[in-house]
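Below you'll find the structure, written out as structure tokens, and then a few comments.
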Amino acid sequence: MSHWRDYLELCKPRVVALIVFTAVVGMLLATTGLPPWNALLAGTAGIGLAASSAAAINHLLDRRIDAVMARTRERPLPTGHLTSTRVVVFAAVIGIASMIILVVFVNVLTAVLTFASLIGYAVIYTTWLKRATPQNIVIGGAAGAAPPVLGWTSVTGQVDADALLLFLIIFAWTPPHFWALAIYRRADYAAVDIPMLPVTHGVNFTRWHILFYTILLVIVTTLPWLTGMSGLVYLAGATVLNAGFLWYAFALLRNDDLQLPMRAFKYSVVYLMVLFALLMVDHYFTAWTVGA
């Protein structure tokens, strides 16, 4: 029997919360003051509903492999708590609602970009990229990197260079973030023939790729300071966060602890949240000091 918690699980609330948070930070960084109410409230609602719709579609399209993988076999579709029809209806209703909210209360550009990211993740990545290449995470990371750009366009109605820099940060962060989880769950992916990098090229090869992309991430996350987008508050915090990420990347090369990849994965989630929080704090600290 279905329950409201099953529908909530379809939305992947923890993932969507991170998506919405980075989108809101994008809104805040796009203006020196506070964003207009329509961008902040309607933009957040529209982006959150679209992300939830994409998550529900992902549940639907992955229901057969979810039934096999230990991490996902208790999801609502494999357990029979929800039917495919109910999931389709639910995803369609909240997806359409998100587009209406964005078009009516925000702007068409944000609605178009949000729809493109929804299709990119829920359809292109889930149905094709995930099963086509071990570089699935790298290529598919574009959809996951869109939220701060969507937040930015909600306020400005255009895509600016600083918005693309926020995109680049998440794009560089995604591979080391997800490959750490893929190492930990490689047996699951192998069981369902998903060509994640640890399955196709081995764990050691993946560890080196995590290190390379972490170094790239360190470079990319320095760009907000180098371009003048952020100040020393951000730089100091980002340096500490990057030191932690690099520590995990090198530790994965030296240590065969089976739990270490999961700890690295969890750190990467905290890393992104704190990094974007630092961008926000630095933005308003700079505005306050200049105003003073």
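The values are calculated or read from the model by the stated rules, or taken from the named source; none is laboratory data. All values derive from a computational prediction rather than experimental measurement. Cβ atoms come from the backbone with ideal geometry, glycine included; neighbour counts cover every protein chain shown. To get the accessible areas, we keep the full protein, side chains included, count just its heavy atoms, and leave off ligands, DNA and RNA. Shrake-Rupley method; radii C 1.70, N 1.55, O 1.52, S 1.80 Å.
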Fill in: For region 24-70, convex hull volume per residue from C-alpha positions, Å³
80
Worksheet item: For region 160-291, what is the accessible area per residue in Å², given a 1.4 Å probe and the full set of protein chains?
Response: 46
Worksheet, complete the sentence: Computed on Cα atoms only, the convex hull of region 94-198 has an orientation-averaged projected area in nm² of 7.0
Discussion item. From zero outward in steps of 10 Å, how is the percent of C-alpha pairs of region 145-208 spread across the bins?
Written reply: 22, 33, 21, 20, 4
Worksheet item: Heavy-atom accessible area of Arg71 with all protein chains present, probe 1.4 Å, nearest 10 Å²?
Response: 100
Worksheet, complete the sentence: Diffusion coefficient in µm²/s returned for the chain by Stokes-Einstein, Kirkwood Rh over C-alpha pairs, 25 °C and 0.890 mPa s, is 124
Worksheet entry | Calculated SAXS-style log₁₀ I(q)/I(0) at q = 0.16, 0.18, 0.27 Å⁻¹ - region 239-292, Debye, Cα scatterers | -0.57, -0.64, -1.00
Response to the item:
Net charge near His3 (other residues with Cβ under 15 Å of its Cβ; Lys, Arg +1; Asp, Glu -1) is 0
Response to the item:
In debye to the nearest 20, the charge dipole size for region 160-291, taken about the Cα centre with +1 at each Lys and Arg Cβ and -1 at each Asp and Glu Cβ, equals 320
Fill in: Cβ-defined net charge surrounding Ala191, 15 Å radius [Lys, Arg +1; Asp, Glu -1]
+3
Worksheet item: In terms of modelled amide H atoms, which long-range or inter-chain residues lie less than 5 Å from the amide H of Ser230?
Response: Trp225
Worksheet item: For the chain, what are the DSSP H helices with axial Cα length of 20 Å or more and mean Kyte-Doolittle hydropathy of at least -0.5?
Response: 13-29, 43-61, 84-101, 161-184, 203-226, 232-254, 260-291
Response to the item:
With region 1-158 reduced to its Cα atoms and the Debye formula applied, log10 I(q)/I(0) at q = 0.12, 0.13, 0.17, 0.20 1/Å amounts to -0.51, -0.60, -0.95, -1.20
Item to complete: Report the Stokes-Einstein translational diffusion coefficient (µm² s⁻¹, integer) for region 146-292, Rh taken as the Kirkwood radius over Cα pairs, at 10 °C with viscosity 1.306 mPa s.
Response: 97
Worksheet item: For the chain, what is the mean residue ellipticity at 222 nm derived from helices alone (per DSSP H run of n ≥ 4: -39500 (n - 2.57); sum divided by total residues; nearest 500 deg cm²/dmol)?
Response: -23500 deg cm²/dmol
Response to the item:
Charge dipole of the chain built from unit charges on the beta carbon (Lys, Arg +1; Asp, Glu -1), centred at mean Cα; most positive-end Cα among Leu150, Ser117, Ala187 is Ala187
